[in-house]
1. Taking residue 36 and the conditions (1) aromatic (Phe, Trp, Tyr); (2) closer than 23 Å to residue 132 by Cβ; (3) in contact (Cβ under 8 Å) with a residue 24 or more places away in the chain, which numbered condition does it fall short on, given that it satisfies the others?
2. In this structure, is residue 50 crowded, with 18+ Cβ neighbours inside 10 Å and in a strand (DSSP E or B)?
3. Surrounded by 16 or more Cβ atoms within 10 Å (Cβ to Cβ) and part of a helix (DSSP H, G or I), is that true of residue 14?
4. Within segment 53-96, restricting attention to residues that are under 26 Å from residue 13 (Cβ atoms) and among the hydroxyl-bearing types (Ser, Thr, Tyr), which residue is surrounded by the most Cβ atoms within 10 Å (Cβ to Cβ)?
5. Go through (1) modelled with pLDDT of 95 or more; (2) under 15 Å from the mean Cα position of the chain (by Cα) for residue 93 and report which single condition fails.
6. For the list (1) acidic (Asp, Glu); (2) buried (at least 17 other Cβ atoms within 10 Å of the Cβ); (3) outside any helix (DSSP H, G or I), I need the number of the one condition that residue 45 fails.
Amino acid sequence: MTPRRANIRYLLLFVIIALIVDQVSKILVANALVPFAQPTKVIGDILRLKLTFNPYGVFGISFGSSVLYYIISFVGIIVLIYVGLSVVDKTNLIVLGFIIGGAFGNIIDRIRLNYVIDFIDMGVGNFRWFTYNFADAFITVGAVYLLIKESFGKKDGVNPDLK
């Protein structure tokens, strides 16, 4: 099996895992909670579940036309797939797979519902993070990991034969 083909299979595996975790969690939460009701405490006030619907972009910020959310997502996915084809480091492939799977998870919500289901509410007291979902977590944690690794890690993660 060629390295490029192995990367595609490995990447696809983690895209599917992220997509399943994201979509199943959203279905379960949407069937169990009332939208915009009082949060359900999971770990005291630190971690709560609160069903909300986000028609906008990341952190609930509006970027204009909803078509823009699709364009940004699809361009990001294409770029990450291209990068994933030349990555040697398996950890980077896992992270890229989770990011791509997260992006697809939110796109599925937008196509199916015209908004994204968010439900994870974290914070302390009145200091709360934006309500998010597993797709958002996969994208954010993955991007931060890659930025930190690129900034401080070794620079030998790309196979020069695949460029």
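1. The single condition residue 36 does not satisfy is (3).
2. yes
3. Yes, satisfied.
4. Ranking the candidates gives 73 first.
5. (1)
6. Condition not satisfied by residue 45: (2).
The values are calculated or read from the model by the stated rules, or taken from the named source; none is laboratory data. These figures come from a predicted structure and were not determined experimentally. Backbone-built Cβ (ideal geometry, glycine too); neighbour counts: all protein chains shown.
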